[in-house]
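First up is the structure itself, then whatever we jot down about it.
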Amino acid sequence: MRTTRRALLATGLAAPLVAPRFIRPARAAPTTIRMGALKLIHSITPWFYDRFIPAGYSVEIIPFESPTDGKNAVVTKSVDFGTFGIAAAILGAAAREPVIVIGGSCNKGMAVVARKDSDIATLKDLKGRKVAIWPGSTQEVFILERLRMEGMSIKDIQPVRVSFSEMATALARGDVDAYVGAEPGPGLSLSSGVGKIVEYPYSTPMGSLNMIIAAHRDTLAERPELARLIIDTQRHASAYAMSHPDEMVAMTVAKLGMKKEAVAASLNNVELNWQMTPEMVGEAKIYAQQMLELKQIRQLPDLATFIDTRFSDDVAHTA
Amino acid sequence: MTAPAQARNRALLATAIPVVCLLAWWLGTRDNPYSLIPPPRDVAVALWDLAFGGIYDDAFSGTLATHLLASASRVYGAFLLAALFALPLGMLIGHLRLARDLLDPMFQLLRPVPVTAWLPLSMIIFGIGPTAAFFLVALGAFYPILVNTVFGVRSVEPRLFEAAAMLGVRPAAMFPKVVLPAAMPGIFTGLRLGLGFAWVVIVVGEMTGVQTGLGAMIMDARQLSRTEIVIAGMIVIGIAGYLSDRAVQALGARLLRWSPQHG
């Protein structure tokens, strides 16, 4: 017994000295980038990142229900980067939160939809009608501006407070005459034969600006290489998804569980992108001004620091 | 100790923990250049602006009364609707074996389904609007009333039946004269819990489809990153729920003066 104990002790002590000769050195674990995304077709690009991310990195996608949740995840550093509507980023920056826009993610994705059998053909026909709008959304800012351009205001319609996911159902049931929705709601209304597009509200000075990529100020200061990497990956992934619509539909159906017909009908209204172009910067500034006038924010964000195009410009130069 | 001194001590004890929490909240949020959780002062200002307006002049200013009235009407209306169904059903299930075998398994199966899970279905059945919100709040209040009524009816002391029979109460009169009064404490507990749950689920009920209500206000504020209004809404719901509970408690104490637990 005593001999056995000694033998065990000796083996135990010798093991750490001998083992390294036989054990292969462990490979360094890949750097995991946490990416917040919304459960929308506009936010599908990160699910393609795996194909383009360089060796030594991996991406963990954390889905969020609302843009505000995505923005808060960036501010609290629960994620390294997030993609959400420009409105959420402006709301945060206006409250002096350290959220910085570093790239584009998706333009378009909105539509004004009416029942197919209704006499609503233009925005002016919405006068006196029940129109579903989600307060505080990008779509609300766009429709208010479009109404203003038509010489109307919110008082000329009957706004009904409905979330995006309920809008197609509300239109089908006849609870509302029209809605200002986000894809794939309009796609669902089109594919089911219930709805028709009244207009895509992109004729305002805000263009079709919708979703961006944002990061915490500290992330950009401490790990700028990650910011460049994520913008470059977004460039490849968005270009791939846009040139392979079937795969984009399949990915959206597989990852977000949406109806295939609705997603397919939404495709022509979704423009995945990556670069924060000077035009988009200009549109974002107009957007912030609109939000201020609507009293959704109390002050403009610091526009000199709120948008940082360094990484997007750098990728554009080397692309 | 005199009665006023006792009341003062009780008030001091009741406010001690909230004051400590308030102090910790203030310490944790003061001097921050930004904070996702606003300091208490911002919430107080938001609450004032919600109630009286005149500070921010935005979509929320001066709207508290409208939202509170909308929510209170839904809470009390839905609570009454829930009580209308839950009380007779609970008495039936508690008193009759056949009703218990027929209904109890179904209700026990449906009871764990959260109100949030009913939201999409209620939108489809009742449409966009206050009816769906009304249904969801009533559903939240229904089960606590039902379960406590069943419990109250079933836990009547068997000796009471013997005593009543000896005093000449006929079998047909046992339910109104013995069961119902003896079950009242349980029923009141159910009503109290039901009204509390109605306030709990009001935010879910008003999440979508209605223009006014504290739940709608909180969801809109969340969308706009106005956390100070979210917290102000929470405080208002807490106070309204507390006052409702005190009212039911006072009513119970008055009607159940004979009961050693409630009188």
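Values computed for the structure shown
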| read-out | value |
| --- | --- |
| Relative contact order [Cα under 8 Å, 6+ residues apart], chain B, whole percent | 21 percent |
| Rg [Å, one decimal], Dmax [Å, integer] - the range B:161-236, C-alpha atoms | 22.6, 68 |
| Cβ charges +1 (Lys, Arg) and -1 (Asp, Glu), total dipole of chain A, debye | 1400 debye |
| Exposed-site-free run, longest, chain A (rule: trypsin sites (Lys or Arg not before Pro); DSSP loop; at most 12 other C-beta within 10 Å) | A:28-297 |
| Label-reachable residues, the range B:16-46, where backbone N falls under 19 Å from a point 7 Å from A:Thr305's Cα toward its Cβ | B:31-37 |
| Among B:Val203, B:Val230, B:Val137 - extreme Cα towards positive end, dipole of the range B:63-255, charges at beta-carbon | B:Val137 |
| Chain B - charge dipole about Cα centre, Lys and Arg +1 at Cβ, Asp and Glu -1, debye rounded to 20 | 1040 debye |
| Modelled FRET efficiency - R0 30 Å, B:Ser155 with B:Leu243, Cβ distances, 0.05 increments | 0.50 |
| Tilt relative to chain A, helix A:278-293 - C-alpha long axis, 0 to 90 degrees, to 10 | 60 degrees |
| Distant alpha-carbon pairs in the range A:129-285 (separation over 19 angstrom), percent | 63 percent |
| Mean shadow area of the range B:63-255, taken as a quarter of the surface of its Cα convex hull (nm²) | 12.2 nm² |
| Along principal axes, Cα extents of the range B:22-99, largest first, whole Å | 66, 29, 17 |
| DSSP-defined beta bridges in the protein assembly as shown - what % are antiparallel, rounded to 5 | 60 percent |
| Kirkwood-based shape ratio for the protein assembly as shown, expressed as Rg/Rh from alpha carbons | 1.08 |
| Extreme residue, positive dipole direction of chain A, given options A:Gly56, A:Ser105, A:Leu294 (C-beta unit charges) | A:Gly56 |
| Förster radius 22 Å - calculated FRET efficiency between A:Lys295 and B:Trp48 (Cβ-Cβ, nearest 0.05) | 0.80 |
| Furthest towards positive pole of dipole, B:Leu214, B:Leu243, B:Trp48, structure part the protein assembly as shown, Cβ charges | B:Leu243 |
| Net charge dipole size for the protein assembly as shown [Lys, Arg +1 and Asp, Glu -1 on Cβ; Debye, nearest 20] | 2400 debye |
| Over 35 Å [Cα-Cα, chain A], rounded percent | 28 percent |
| Normalised contact order of chain A, rounded percent, pairs of Cα under 8 Å and 6 or more residues apart | 25 percent |
| Pairwise label distance in nanometres, A:Ser192 with A:Asp314, each label 7 Å out on the Cα-Cβ vector | 4.6 nm |
| Residues A:Ile90, A:Ile102, B:Ile231, B:Ile124 arranged by fewest to most Cβ contacts within 10 Å | B:Ile124, B:Ile231, A:Ile102, A:Ile90 |
| Kyte-Doolittle mean at least 0.5, axial Cα span of 27 Å or more - DSSP H helices of chain B | B:3-29, B:64-95, B:130-154, B:180-200, B:227-255 |
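Since every read-out is calculated from the coordinates, none of them should be taken as a lab result. Treat the numbers as computed from the prediction; the structure is a model and nothing was measured. Glycine gets a Cβ as well: all are built from the backbone with ideal geometry, and neighbour counts include every protein chain shown.
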